[in-house]
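Novice: Dropping the structure in here first, questions after.
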Amino acid sequence: MRKGKIKINEDRCKGCLLCIEQCKVKEIIQGEKVNKYGHLVVEFKNSGKCNACTLCAIVCPDAAIEVYEVSEEKVNGK
Amino acid sequence: MTEKVIIAGSGGQGVLTLGIFIAKIGFSEGKNVTWLPTYGAEKRGGFSFCYTVVSDEEIFSPVVESPDTLILFDQRAYDVYKEKINQQTYVVVNSNLVKNINKNNKNFFEIDATKIAKEINFIQAMNVVMFGAYFQLKKIFKIETVYNVMKQMLKGKKEDTFLKNKIAFEKGMEFFK
Amino acid sequence: MIEKIIYKKPDSLTDVNFSYCPGCGHSTVHKIIAEVIDELALRENTIAVAPVGCAVFAYNFWDFDVTEAPHGRTPAVATAIKRVLPDRLVFSYQGDGDLASIGMAEIVHTANRGENITVIFINNTNYGMTGGQLAPTTLLNQKTTTSPFGRDAKNYGYPFKMLEFLSPLEGVKYLERVKVTDAASVVKTKNAIKKGFSYQLQNIGFSMIEVLSSCPANWRKEPLDSNKWIEEEISKVYPVGKIKDIK
Amino acid sequence: MENNKILIKGNHAIVEAAIDAGCRFYAGYPITPQNEIPEYMSIKMKEAGGIFMQAESELISINLVYGAAVAGARAMTTSSSPGISLMQEGISYMAGCELPGVIVNVQRGGPGLGNISPSQSDYFQAVKPGHGDYRLIVLAPYNTQEMYDFTFEAFDLADKYRNPVMVLTDGLLGQIMESIELKRKTPELLNQKKDWALTGAKGRKGKRIVSLLMEPGVLEKHNFHLKEKYDLIRKTEKRFEKLGITEDMEYLIVAFGTVARISKGAIKLSRDIKIGLFRPITLFPFPYEELKEIARKVKKIFVFEMNLGQMLEDVKIAVEDSEKIEFYGRPGGGVPTSEELLNFILKRIQK
């Protein structure tokens, strides 16, 4: 299965929670941290279940989520 | 007596309601009052502030340039108004959301109003906790008026809403006793 | 570990944070418009016309040319820009107060003339910026700040279905109603906008995409509940789907 | 605390006044900073059994008021600067047809969409309005009490002269909450018969209310008739306030609305400077003669406005020696402070 991770831009996140609803593997949670605009921002759990499906980022109104596909570095190779 | 207050924070924190609350208390005690809100574009989460003036005399401008008291709910509010702090200004900040401060004033007071409001399971009353602190520190209003106006403003709400607000107010007040 | 970025903020968006409330549909639509413009490589070839209303600040968020028009006059301004610069992508972005109320004459005549522009129409069933007043699109019984007892047809008339209303006009080539309540519907909206833009590039004529959009602050609902309300109530009155497509 | 005193927002005070004055037809369209008026009116008008309409634009608002006036109703619309610009066509038609009606302008910054901060930059479009030779009676409140009082009186004035009346206020006065005393009296002319209104030609010939007067000389005659009316208004309705006008006064401030109240603060701060305030309350009719009289005696006249000098032109008409005038204005939503005005005064006095 494809592995992935996301980065949340905490300045842009407004804590609307739409991403949490979309995440099928429950890798995003409502955080404790308040950003400088007073919004409670969401957090990426990063427990290895993210499959880079991008649904969270697609639904994010504030373009606050970046999605990365993560692959193992080849030991033999270049 | 003239008391010029600026209350600032973010939309949804009860900034404007607290301003009206103070104005109504002043009005109930027979003072002249003005309350002037900001009417920003963004409904929630945006910067929000209001000016409240309570005075025995005629109030000329409702715009407060040099406040007697600043009640600041978060860091952005502090950053915007820190320039207005002088040695005489009373400053009450919610230390939960205002961390980066330059405390060079004897009347600078910090209270973790968010934590206190959470402890009594009534996070919406953060502003009332802040008011409790302000009430205790400045001692310009009568406590009976506070309860009367609180009751009047919560008319139509559930019975225990008043009690919860009363507790929030008292917790804020006790903090500086 | 090798990290490959597969989704990021589109280049056609500036670094300025949206001034919209948490969960607001405007934000999502702004973002997908920027994505479409990136994908079509039209950033340097686009002129947008922002409305009056919450989206009046669109020019802060889009990194392409944007002007603004008096309330409701957006299609007129867009028409003239397109006539003067026919090889540019010109779109107007309007809310329901702007388009369906004060700007009714402009939108009807722009559509009827078959102007080769694209209109993005945000329907959130109220006036957002001014504090949630009744809009022509407000649902029956919906409470707003100027219909505090709920919209009754006798006093306030009926919800205005703009796409169905414009559909018979001969100048109108493509009309679709979409929503942005989940990832799947966001993708559909993006495709609809892309189609509207590409029709314009092919000189096919007037197109308009209506987006059912949430207004959590004025609806006094949380963002997730707002989207649920669109699914359960609003899309009943305003069914999503293609209304007209003449290619 | 007196019982008839209440704490109220300026915009809400306008609604209370209109209902008390017997206004039973309201039409309006959302625009900040006056949204509290249609919002509160949607409740109050229902209680009063009148007609509340949210129009689809300001063009429709003013023409709904036009229609209500034709039918003999006491009618009002409210808006803010850009919306008032849109209403100018309808207002001119009302003036031409001699229809009463009340228009409240809660001014904001301009030009264009401007901003939503308080401003006085619609002085021109209130006092020297749209196309054609016509005038509005313009009342300029400076506190919440006057927001109530003047809106209340505007309806009688409109009926008395069969002319649109404008209450020219601003975002600051609309948004502040202050205490006011409600009068709750019956307006004098509420039940005055409106013989000119169109109610159906029962037992009489049909009549018309029109502003298109094409026959040779008729429009000219109509304009002379309007002038007579405006001259009468000039004679009888002029209102102003004088504060601290003494025999040995050396300086004078002329200001209206919000700036007048801030000027009072500047006078209080100025202590031993012999300075008074002249506050025009009716901007049309403008109190030229009274200002002229006072202006003769002083060394300098300070004109303060929240614009770039609009009332200034009328002050210049009134004052014989306009070299004496010093102007200070804050445009685009800027609100001066009392200290700021005093500093300006001190600098100009020392020069």
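Novice: Taking N as the number of residues in the protein assembly as shown, what is its alpha-carbon radius of gyration divided by 2.2 N^0.38 Å?
Specialist: Normalised Rg, Cα atoms only: 1.02.
Novice: Hey, which of these cross-link pairs are over 32 Å Cα-Cα: A:14/D:44; B:158/D:44; B:24/B:84; B:31/C:143; A:3/C:179?
Specialist: A:14/D:44; B:31/C:143
Novice: Please identify the longest segment of chain A free of exposed GluC sites (Glu not before Pro), where exposed means a DSSP state other than H, G, I, E or B and no more than 14 other Cβ atoms within 10 Å.
Specialist: By the stated rule (loop sites, at most 14 other Cβ atoms within 10 Å), A:1-71.
Novice: Related question: Just to be sure I understand the model, the point goes 7 Å from the Cα along the line to the Cβ. What's the resulting residue C:245 to residue B:29 distance in nm?
Specialist: Those two pseudo-labels are separated by 6.9 nm.
Novice: Let me ask something additional. From the C-alpha gyration tensor of chain D, pull out the three semi-axes of the equivalent ellipsoid (sqrt of 5λ each), sorted largest to smallest, in whole Å.
Specialist: The answer is 35, 24, 18 Å, longest axis first.
Novice: For region B:2-175, which semi-axes, largest first and in whole Å, follow from the square roots of 5 times the eigenvalues of its Cα gyration tensor?
Specialist: That gives 22, 20, 16 Å for the three semi-axes.
Novice: Using alpha carbon centroids, what distance separates region B:45-73 and region B:105-148, in Å?
Specialist: So the separation of the two Cα centres works out to 17 Å.
Novice: Calculate how large, on average over all directions, the projected area of the Cα convex hull of region D:266-351 is; give the answer in nm² to one decimal.
Specialist: Over all viewing directions, region D:266-351 projects a mean Cα-hull area of 5.8 nm².
Novice: Can you work out the FRET efficiency for the pair residue A:49 and residue C:4, with r the C-beta to C-beta distance and R0 = 25 Å, to the nearest 0.05?
Specialist: Efficiency, from the Cβ-Cβ distance: 0.85.
Novice: What distance in nm lies between label points placed 7 Å from Cα along the C-beta direction at residue D:124 and residue A:29?
Specialist: A separation of 6.2 nm, rounded to one decimal place.
Novice: Just list whichever of A:36/B:99; A:5/A:36; B:82/B:106; D:128/D:229; D:242/D:297 have alpha carbons separated by over 19 Å in the model shown.
Specialist: A:5/A:36
Novice: Right, here's the next one. Of C:102, C:120, C:32, which is the most mobile in a GNM of chain C whose springs link Cα atoms less than 10 angstrom apart?
Specialist: C:102
Novice: Name the most mobile residue of B:48, B:95, B:61, meaning the one with the largest mean-square fluctuation, in a Gaussian network model of chain B with Cα contacts below 10 Å.
Specialist: Of B:48, B:95, B:61, the most mobile in the Gaussian network model is B:61.
Novice: Could you check the simple spin-label distance between residue D:199 and residue D:225, using points 7 Å along Cα→Cβ, in nm with one decimal?
Specialist: A separation of 2.1 nm, rounded to one decimal place.
Novice: Now for a different question. Suppose R0 equals 51 Å; then what is the FRET efficiency for residue C:187 and residue D:190 from their Cβ-Cβ distance, rounded to the nearest 0.05?
Specialist: 0.25
Novice: Provide the gained length on full extension for the span residue D:5 to residue D:131, in nm with one decimal, where the gain is 0.36 nm per separating residue minus the Cα-Cα distance.
Specialist: 41.1 nm is the gain from fully extending residue D:5 to residue D:131.
Novice: Counting each DSSP H run of 4 or more residues in chain A as -39500 (n - 2.57), what helix-only mean residue ellipticity at 222 nm follows after dividing by all residues, to the nearest 500 deg cm²/dmol?
Specialist: After summing the helix terms and dividing by residue count, I get -2500 deg cm²/dmol.
Novice: Something else now. On a 0 to 90° scale, report how tilted helix D:257-270 is relative to the longest principal axis of chain D, with both axes built from alpha carbons and the result rounded to the nearest 10.
Specialist: 20
Novice: I would also like to ask the following. What average number of partner chain Cβ atoms lie no more than 10 Å from the Cβ of the residues making up D:35-43?
Specialist: Mean partner shielding for this stretch: 5.
Novice: So the label point goes 7 Å from the Cα of residue C:164 along Cα→C-beta, right? Which residues of region C:186-210 then have their backbone N under 19 Å from it?
Specialist: Label zone hits: C:208-210.
Novice: Which of these, D:103, D:43, D:60, has the largest mean-square fluctuation under a Gaussian network model of chain D (Cα springs below 10 Å)?
Specialist: D:43
Novice: Something else: Antiparallel as a % of all DSSP beta bridges within chain C, to the nearest 5?
Specialist: Among the beta bridges of chain C, antiparallel pairing accounts for roughly 25 percent.
Novice: Mind listing which trypsin sites (Lys or Arg not before Pro) in region D:255-307 are in a DSSP loop and have 11 or fewer other Cβ atoms within 10 Å?
Specialist: When the trypsin sites (Lys or Arg not before Pro) of region D:255-307 are filtered for loop state and at most 11 Cβ neighbours within 10 Å, D:271, D:299 remain.
Novice: Note down the net charge around residue C:238, summing +1 for each Lys or Arg and -1 for each Asp or Glu among other residues with Cβ under 11 Å from its Cβ.
Specialist: That sum, taken over residues with Cβ under 11 Å, equals 0.
Novice: Unpartnered cysteines of chain A (Cβ-Cβ under 4.7 Å counts as a partner)?
Specialist: So, A:13, A:16, A:23, A:50, A:53, A:60.
Novice: Kindly report the accessible area of region D:241-350 per residue (heavy atoms of protein chains, probe 1.4 Å, no ligands, DNA or RNA), in Å².
Specialist: So region D:241-350 comes to 40 Å² accessible per residue, rounded to a whole number.
Novice: How much FRET efficiency would the formula 1/(1 + (r/R0)^6) give for residue D:322 and residue B:163, where r is the Cβ-Cβ distance and R0 is 56 Å, rounded to 0.05?
Specialist: For residue D:322 and residue B:163, the calculated efficiency is 0.30.
Novice: Taking K and R as +1 and D and E as -1, what net charge do the other residues with C-beta under 10 Å from the C-beta of residue D:284 add up to?
Specialist: Net charge around residue D:284: +2.
Novice: Here is a follow-up. May I ask you to list the aspartates and glutamates whose Cα is less than 14 Å away from that of residue A:26, ignoring any residue fewer than eight positions away on the same chain?
Specialist: Qualifying aspartates and glutamates at Cα under 14 Å: A:43.
Novice: Provide the solvent-accessible area of residue B:170, counting protein heavy atoms only and rolling a 1.4 Å probe, rounded to the nearest 10 Å².
Specialist: Counting only protein heavy atoms, the figure is 40 Å².
Novice: Now a separate question. Which value, in nm² and rounded to one decimal, describes the direction-averaged projected area of the C-alpha convex hull of region A:3-70?
Specialist: Seen from a random direction, the Cα hull of region A:3-70 projects 3.8 nm² on average.
Novice: Just how large is the dipole of chain C about the Cα centre, in debye to the nearest 20, putting +1 at every Lys and Arg Cβ and -1 at every Asp and Glu Cβ?
Specialist: 460
Novice: How many Cβ atoms of partner chains, on average, are near each residue of D:49-57 if near means within 10 Å of its Cβ?
Specialist: 5
The values are calculated or read from the model by the stated rules, or taken from the named source; none is laboratory data. Please read all numbers here as calculations on a predicted model, not as lab measurements. When we count neighbours, we look across all protein chains shown, and the Cβ atoms used for this are built from the backbone with ideal geometry, even at glycine. Remember, those area values only see protein heavy atoms, side chains included, never the ligands or the DNA or RNA. Shrake-Rupley method; radii C 1.70, N 1.55, O 1.52, S 1.80 Å.
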